[in-house]
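Notes to accompany the following structure.
What follows is calculated from the coordinates using simple rules that are stated; it is not laboratory data. Note that the structure is predicted; figures quoted are calculated from it, not measured. In this analysis, Cβ positions are derived from the backbone assuming ideal geometry, glycine residues included, and neighbour counts consider all displayed protein chains.
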Amino acid sequence: MPQLVPFYFVNLLTFGMLTMTFLLYMVSTKLLPNIVKLLLTRSMMVNL
C-alpha cells in the first residue's frame with residue numbers, strides 16, 4: 001500500500017494542494033467573470 005509510505009503521502013498532499021490552488025485560481029479569474037458578465041447581460045435584456 002503506497003498510501004502509507006510517508007514520502008508518497010507528502011508527495012500526494014503537495015501536488016494535490018498545488019492542483020487545487022491552480023484550479024481555484026483559474027476558475028476565479030477566467031471562468032466566473034465570464035459567467036457573471038453573461039448573467040448580467042441576460043438580466044438586462046429581460047428588463048428591456
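The table below gives the values:
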| quantity | calculated |
| --- | --- |
| Residue match in segment 2-15 (condition: in contact with a helix residue (DSSP H, G or I) (Cβ under 7 Å, 6 or more places away or on another chain) and either loosely packed, with under 10 Cβ neighbours inside 10 Å or touching a residue at least 12 places away in the same chain (Cβ under 8 Å) (or both)) | yes |
| Candidates MET20, MET45 - the one that is without any contact (Cβ under 8 Å) to a residue 24 or more places away in the chain, loosely packed, with under 10 Cβ neighbours inside 10 Å and part of a helix (DSSP H, G or I) | MET45 |
